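What follows is a single structure, written as structure tokens, with notes after it.
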Amino acid sequence: MPLNRRTFLGTSAAAGAGAVIAGGAASPAQAHGRGHGGGHGRPPKRYSFTVMGTTDLHGNVFNWDYFTDAEFDDKDHNDVGLAKISTLVEEVRREKGRHNTLMIDAGDTIQGTQLSYYYAKIDPITAKRGPVHPMAQAMNAIGYDAAALGNHEFNYGIPVLRAFEEQCDFPLLGANALDARTLRPAFAPYVIRKLRTPHGRDVRVAVLGLTNPGIAIWDKANVGGKMVFPGLVEQAAKFVPRLRSMGADVVIVSAHSGTSGTSSYGDQLPHVENAAALVAEQVPGIDAILVGHAHQEIPEYFVENEETGKRVVLSEPLKWGQRLTLFDFDVVWEKGRWVVERAGSRVLNSNTVAEDPKITKLLADEHRKVVAYVNQVIGTSAAAMTTAEAAWKDEPIIDLINVVQTETVRAALAGGEYAELPVLSQASCFSRTARIPAGDVTIRDAAGLYPFENTLEARLLTGAQIRDYLEYSAKYYVRTAAGAPVDPAKLTNAENTPDYNYDAVSGLTYDIDIAQPVGSRIVNLAFEGKPVDPAARFVLAVNNYRASGGGNFPHVPGAKQLWANSEEIRNTIIAWVQAKGSVDSAEFASVDWRLTRDGVPVF
């Protein structure tokens, strides 16, 4: 894949900004001026500007939940979407002066909603005379200056990503997304924007984009043999000095990487997944880092560089366009260059403003198409199924998730080394209000079973490890003595365990004795009617959240990965229902587990 050396010239998205260099060499016009400091009794020249940032937008343009077919809402009454962000951005530009602002993003842009899925799979942007991606349209209208690549940019394959890139009026940055053959950047590594000051000396602001090394694992099917992803610290150490030598006065890193210093892929790669704080600590010359990937809100966080002692400011706005980060910089002219005197950050909440009609009008047709799509009937169901009691009973609606996952993994392993091993599957009751109605089933009915963006993996575990896994899961239930009254409303969520961290496992049978203490609850664990051999090998169909350590379940994060898929599980469920045409729980439902007390069933 050739190095992308597109140079973005002309007017910046921030009006009044000058030429832009994307991954290229500095022009002679960018040479430093000299001798314009604050000497001879003159006050020093100062200038202030703001860099705004979003991350993990995940296909959210509107404040809309396509799975409930209603306005988005959560327990904290957050709002989502670029239409809300656009209003905040315009407010900041009015306050600061448009020419004193820049706008960037830290990745995970084109995956996550049915809006983004529709334009990748249903009416793909890769088609001849295909549509322009709604995220490109919205971000172009808002006037982004740059966006880093996120790992989910690769979910739909490189052709979709390249088509999206061509549709954007700003560069997609990835200094550590390298061509596998040449080991040169496959995307622009950086961009340099120039902000005009009242003092006749532009401030040169460099934005270096870094993405996540885990792409090599999570999207191996799409990037294997085509791209490689070295560590963030390694590539930042290479490019930051280069940017400084090219005349950058301010260096900002847009990093699709959290701050924790941890990895969810264990020792499968030598590079840290959440390395943003390590970059700040180990690479001199950085002024600020826009953090992404971790889906956390970090208004302002300082890390001291171990070599220079300089404090670097980091900020991560909450996902889906719920927050907008503002980096505020004060610079002073010293010895022929601008020097950062102060840098701080804060976040703005998108639920404080209305959607920008400029954005909602621009994409009204796309929105209507997707609403019609998610309400499309894809099959029928012989009976109604609901999750209302799935937190304490083995219900057919959870069996549906497990049968889809089991069949998907079995097909993926067919003909290979592990094809003959039994496949088990884990699933959670994500929502107690999900339902499949009797009669017509729509796309959003099927997708509502799986509200998260999880993808599917296959991991190799032993019978003993499966038992440990189930014991850990069973801590979800409140210990209840035999004969004591049982109130289902008070039976679950022990140890503050949320519903999504209780797993039911299909493919074997077992009882959970809730009269027993945590760690001693799994009884009668059997496979095909026989007690499970602790040394027996099983394949577990498991979501990537659990496989990467989510919920802190034992064994799975360190277990051998046999297969992984970048397709969201909810879309796999939709495709399964569509292919079947009809869903009959009598064909797949079974009671694999039950709650007991001293051997007596609770329900």
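Some notes on this structure:
- Taken over region 111-135, the residue count meeting the criterion of being more than 18 Å from the chain's Cα centre (by Cα) and of a type in the set (A, V, I, L, M, F, W, C) is 4.
- Of the residues screened, residue 216 is not one that is part of a loop (DSSP other than H, G, I, E, B), small (Gly, Ala, Ser) and touching a strand residue (DSSP E or B) at 6+ places or on another chain (Cβ under 8 Å).
- For region 218-237, the set of residues classified as touching a residue at least 40 places away in the same chain (Cβ under 8 Å) and open to solvent by 20 Å² or more (accessible area, probe 1.4 Å) consists of 218, 220, 221, 222, 225, 226, 228, 233, 234, 237, listed by residue number.
- The C-beta contact set for region 392-406 (first residue within 16 Å of residue 433 (Cα to Cα), second residue open to solvent by 20 Å² or more (accessible area, probe 1.4 Å) and not in a loop (DSSP other than H, G, I, E, B), distance under 6 angstrom, 6+ apart or interchain) comprises 392/488; 396/585.
- Some residue of region 164-180 being at pLDDT 95 or above, open to solvent by 10 Å² or more (accessible area, probe 1.4 Å) and assigned to a strand (DSSP E or B): yes
- Given (1) more than 18 Å from the chain's Cα centre (by Cα); (2) crowded, with 17+ Cβ neighbours inside 10 Å, number of the condition residue 317 does not satisfy: (1)
- Tabulated pairs, region 423-443, first among the charged types (D, E, K, R), second in a strand (DSSP E or B), C-beta under 7 angstrom, 6+ apart or interchain: 435/385; 435/386; 440/377; 440/380
- Flag if residue 537 is basic (Lys, Arg) and open to solvent by less than 40 Å² (accessible area, probe 1.4 Å): no
Residue-by-condition table, conditions (1) aliphatic (A, V, I, L, M); (2) at pLDDT below 90; (3) crowded, with 24+ Cβ neighbours inside 10 Å; (4) in contact with a Cys (Cβ under 6 Å, 6 or more places away or on another chain):
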| site | (1), (2), (3), (4) |
| --- | --- |
| 43 | no, yes, no, no |
| 46 | no, no, no, no |
| 50 | no, no, no, no |
| 57 | yes, no, yes, no |
| 75 | no, yes, no, no |
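- Residues being farther than 16 Å from residue 140 by Cα and either in a loop (DSSP other than H, G, I, E, B) or not acidic (Asp, Glu) (or both) - total across region 73-92: 9
- One residue stands out in region 411-468 among those that are aromatic (Phe, Trp, Tyr) and out of contact with any Leu (no Cβ under 6 Å at 6 or more places or on another chain): the one that is farthest from residue 396 (Cα to Cα), namely 452.
- Consider region 328-355 and keep the residues that are in contact with a Gly (Cβ under 7 Å, 6 or more places away or on another chain) and either assigned to a strand (DSSP E or B) or of a type in the set (Val, Ile, Thr) (or both). The one that is most open to solvent (accessible area, probe 1.4 Å) is 334.
The values are calculated or read from the model by the stated rules, or taken from the named source; none is laboratory data. Since we're looking at a predicted model, the values are computed, not measured. All Cβ positions, even for glycine, are placed from backbone atoms using ideal geometry, and neighbour counts span all protein chains on display. Heavy atoms of the whole protein, side chains included, go into the accessibility calculation; ligands, DNA and RNA do not. Shrake-Rupley method; radii C 1.70, N 1.55, O 1.52, S 1.80 Å.
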